[in-house]
């Protein structure tokens with residue numbers, strides 16, 4: 001059974017992007033080291049420190065499918081049809097974007113809420129992870145009890161304002177086990193397993 005993982009880089013004050021969706025310092029850790037990480041889905045290469053490299057390689061290898069929100073999809077222009085993970089992508093939206101679906105891209109547009117794409121992605125992923133990306137779709141999945149694990153890339157910056165990781169939670173409290181902590185350079189990787197996850 002697939003593990004559903006919610007993962008985002010986050011500032012110390014809880015923001016995952018500026019109000020204009022820009023990530024600024026939150027993604028600096030992807031390019032502040034000497035080890036090259038080639039992403040399997042496109043030609044992006046990250047340059048990270050040894051601790052982040054091990055963490056990132058393991059994370060990439062474990063992802064079998066993605067569920068992303070429409071806002072993230074639009075901001076990245078659908079990654080040009082080639083998501084860095086190189087796995088099937090399920091896009092949660094209220095309406096089908098112009099020009100989609102595309103025969104050359106493994107993207108499925110889903111318009112019936114977050115639960116259906118998570119179930120579909122879980123079938124595709126098999127024993128691998130389903131990674132959920134985008135604050136609104138993550139919040140929907142948390143409210144529906146679908147998230148098994150949180151991965152927070154905690155970046156030492158205070159943004160002061162922006163888009164919060166954990167707004168609009170209606171099914172709280174949600175408890176997690178003590179974290180696995182991996183200290184990188186300009187980022188601390190925190191892995192939290194939900195307490196009631198088998």
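Points worth noting:
- Put in order of Cβ neighbour count within 10 Å, fewest first, the listed residues 54, 3, 170 become 170, 54, 3.
- Model label points for residue 43 and residue 177, set 7 angstrom from Cα along the Cα-to-Cβ axis, are 4.2 nm apart.
- Rounded Å value of the spacing that divides the Cα centres of the stretch 1-74 and the stretch 100-119: 21
- Restricting attention to the chain, close to 40% of DSSP beta bridges with both partner residues there are antiparallel.
- Across the stretch 70-198, the relative contact order, built from alpha-carbon pairs under 8 Å that are at least six residues apart, equals 19 percent.
- Cα convex hull of the stretch 111-198 - mean projected area over all directions, nm²: 7.1
- Largest GNM mean-square fluctuation among 117, 173, 135, using the chain with Cα springs under 10 Å: 173.
- Zone of residue 193's modelled label, taken as backbone nitrogen in the stretch 130-156 under 13 Å from a point 7 Å along Cα→Cβ: 148-150
- The gain in end-to-end length when the residue 21 to residue 123 segment is fully stretched comes to 33.6 nm, 0.36 nm per residue minus the alpha carbon separation.
- In the chain, the DSSP-assigned H stretches of four residues or longer account for a calculated mean residue ellipticity at 222 nm of -5500 deg cm²/dmol, using -39500 (n - 2.57) per stretch and the full residue count as denominator.
- Zone of residue 28's modelled label, taken as backbone nitrogen in the stretch 175-198 under 11 Å from a point 7 Å along Cα→Cβ: 186-187
- Coordinate range of the alpha-carbon atoms in the stretch 1-72 per principal axis, descending: 34, 31, 24 Å.
- Cα-based equivalent ellipsoid, the stretch 51-198: semi-axes from gyration tensor eigenvalues, Å: 25, 18, 17
- Gain upon complete extension [residue 61, residue 76; 0.36 nm per residue less C-alpha separation]: 3.2 nm
- Ranking of 176, 90 by count of other Cβ atoms within 10 Å, fewest first: 176, 90
The numbers here are math on the coordinates, done by the rules we state, and not lab data. This one's a predicted model, so the numbers in the text were calculated from it and none came from an experiment. Ideal geometry is used to build each Cβ from the backbone, glycine not excepted, and the neighbour counts take in all protein chains shown.
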